[in-house]
Amino acid sequence: MGEFESFQAFIEMGGHGLYVWLAYAVGALVIGLNIWWVGRIRKLAEQRVKKYVRRQELEG
């Protein structure tokens, strides 16, 4: 595995594995939440636009 003697050594990262993998997990979580949040905001915006368009059609 290049720099590491075994897969276990890769996971342990010279005794820093917990911190390294937690950092990756937190980063992935933040990215995932950002993707979810943008999708949620987009859905709400689309609903508002549809509501607005319906209201405009009824008025005029």
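Taken together, E5, E46 contain a single residue that is without any contact (Cβ under 8 Å) to a residue 12 or more places away in the chain and surrounded by 10 or more Cβ atoms within 10 Å (Cβ to Cβ), which is E46. The condition of being at pLDDT below 95 and either hydroxyl-bearing (S, T, Y) or not in a helix (DSSP H, G or I) (or both) holds for G2. A search for C-beta distances below 6 Å between a residue of segment 13-39 that is under 30 Å from E3 (Cα atoms) and any residue that is among the β-branched types (V, I, T) and surrounded by 10 or more Cβ atoms within 10 Å (Cβ to Cβ), counting only pairs 6+ apart in sequence or on different chains, returns M13/V20; G17/I11.
Does F10 satisfy the condition of being open to solvent by less than 80 Å² (accessible area, probe 1.4 Å) and outside any helix (DSSP H, G or I)? In short, no.
The values are calculated or read from the model by the stated rules, or taken from the named source; none is laboratory data. Please read these numbers as outputs of a predicted model, since none were measured by experiment. Ideal geometry is used to build each Cβ from the backbone, glycine not excepted, and the neighbour counts take in all protein chains shown. In case anyone asks, the SASA skips ligands and DNA or RNA and just uses the protein heavy atoms, side chains included. Shrake-Rupley method; radii C 1.70, N 1.55, O 1.52, S 1.80 Å.
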